[in-house]
Amino acid sequence: MSHAHVVGRRALLVGVAAILVPSRAFAQTPAAPPRIGWLSAGSQPDPFLDGFREGLRALGYVEGRNIAIETRHARGDLDALNAGAAELVQSNVVLIVASMTAVRAARRLKDVPILFTVSGDPLEAGLAKSLSRPGGNLTGITFQSLEVAGKRIELLKHAFPRLRTLAALSNTDHPGEKSELRATEAAAQTLGINLVYVPFSQSPFGASPELGRALDKVRGAQPDAMVVFPDGATMANRVALGNFVIAHRLPSMFGWSEYADAGGLMSYGANQRETHARLAVYADKVLRGARAADLPVEQPTKFELVINVKTASALGLTLPQSLLVQADRVIE
């Protein structure tokens, strides 16, 4: 065998060994997992973030291994919310989840997909061109359902058959508020209930005297019961509202279970935690290359009735057994 042949073969073996057993110099650093931004106007602990994480885990995502979540909680401060949105973009997240009212800050960001949950009408709010084809960089889930608005009045009448006058507390700053009011008025008229409309205008950020003045009007109207339209402002004040309905012995209906947990008599609507878990499906699609513009905005199809029997007892109400058996959860 020639010397040249031996040298060539030795060089080949060295090359193969270098491929099979790479030195540290040749070892590649594993790619960092994609980063998801979470933007919330609220504070921690955050049950909606917990729900989103549950949804991700169900799809096989493990934080620190194949996904990372960067969070910003504004604690009710609009300036902090806007700053948090900008910080998430600078930290190179691949998408941002804007929980509830946080979409007000996130919608200004044009270069990153935004997944939202909103309590109102995303079309009226300018978040989407249509539910089936949002068309921009935002998509997600709306809690608003006009059929649910009517069902809430029916359930309240079932709980309180003597109901004749009903106060409707509503934030006019809420997109889709007029549609929700029309659906509520129609249900009240069908059931022979006189609806007393008590509007107020308030951002969920910062203190405002408007809600207090609206509650004074409710007190002055002396209604038999009160329905409160769900939105960011009433959600932020749910404890005060719970205290109000108990102090004034008012049977009450709210939109989400968090209000009933805070002292409201009943709530009927989508489960917010489960809905935020559903957003993980959207995140998965975006991570796999889907465009937000092509992902339809969803409306919930599953609704839960929550009844606070502690509040019923405080009001001196005996609720019909036929209503209690319908409840998805009873607070005792």
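Here are the numbers:
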{"quantity": "For the range 233-284, diffusion coefficient by Stokes-Einstein and Kirkwood Rh (Cα), 10 °C, 1.306 mPa s, µm²/s", "calculated": "134"}
{"quantity": "Cα coordinate range in the range 77-216, projected on the principal axes (Å, largest first)", "calculated": "58, 37, 22"}
{"quantity": "Taking N as its residue count, the alpha carbon Rg of the range 141-214 over 2.2 N^0.38 Å", "calculated": "1.18"}
{"quantity": "Calculated P(r) of the range 175-273 - Cα pairs past 21 Å, %", "calculated": "31"}
{"quantity": "If the convex hull is drawn through the Cα atoms of the chain, its volume per residue in Å³", "calculated": "167"}
{"quantity": "N194 long-range amide H proximity, modeled H, under 5 Å", "calculated": "T165, L166"}
{"quantity": "The range 88-102 - phi-based ³J(HN,Hα) in whole Hz, Karplus 6.51/-1.76/1.60, Gly and Pro as x", "calculated": "5, 5, 5, 8, 6, 6, 8, 7, 10, 9, 9, 7, 6, 5, 5"}
{"quantity": "Net charge dipole size for the range 263-313 [Lys, Arg +1 and Asp, Glu -1 on Cβ; Debye, nearest 20]", "calculated": "80"}
{"quantity": "Packing rank of 34-47, 318-331, where each peptide gets the mean count of other beta carbons within 10 Å, highest leading", "calculated": "34-47, 318-331"}
{"quantity": "Mean ellipticity per residue at 222 nm, deg cm²/dmol - from DSSP H runs of n ≥ 4 across the chain, formula -39500 (n - 2.57)", "calculated": "-12000 deg cm²/dmol"}
{"quantity": "Total formal charge among the other residues, if their Cβ is under 12 angstrom from that of P122, Lys/Arg +1 and Asp/Glu -1", "calculated": "-1"}
{"quantity": "The range 106-114 - phi-based ³J(HN,Hα) in whole Hz, Karplus 6.51/-1.76/1.60, Gly and Pro as x", "calculated": "5, 4, 6, 7, 9, 9, 9, x, 10"}
{"quantity": "T165/K302 FRET efficiency (R0 30 Å; Cβ-Cβ; nearest 0.05)", "calculated": "0.40"}
{"quantity": "Spacing of the two label points (7 Å from each Cα toward its C-beta) at A247 and D224, in nm", "calculated": "2.5"}
{"quantity": "About the Cα centre, charge dipole magnitude for the range 109-258 (Lys/Arg +1, Asp/Glu -1 at Cβ), debye", "calculated": "340"}
{"quantity": "Förster-model FRET efficiency, 45 Å R0, L191 and T71, C-beta, rounded to 0.05", "calculated": "0.50"}
{"quantity": "Per-residue Cβ neighbour rank within 10 angstrom, fewest leading, H248, H276", "calculated": "H248, H276"}
{"quantity": "Alpha-carbon centroid distance for the pair the range 278-306 / the range 50-88, whole angstrom", "calculated": "16"}
{"quantity": "Share antiparallel - DSSP beta bridges, the chain, percent rounded to 5", "calculated": "10"}
{"quantity": "Net length gained if the chain between E54 and E332 were fully extended (0.36 nm per residue, minus Cα distance)", "calculated": "97.4 nm"}
{"quantity": "Using alpha carbons only: equivalent-ellipsoid semi-axes of the range 38-149, gyration tensor based, whole Å", "calculated": "22, 17, 15"}
{"quantity": "Local net charge near F229, Cβ-Cβ under 10 Å (Lys/Arg +1, Asp/Glu -1)", "calculated": "-2"}
{"quantity": "Rounded to 10°, Cα long-axis angle of helix 238-247 versus longest principal axis of the chain", "calculated": "20"}
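Any read-out appearing in this document is the output of simple, stated calculations on the displayed coordinates, not a laboratory observation. This structure is a prediction, so every number in the text was calculated from the model and none was measured. Ideal geometry is used to build each Cβ from the backbone, glycine not excepted, and the neighbour counts take in all protein chains shown.
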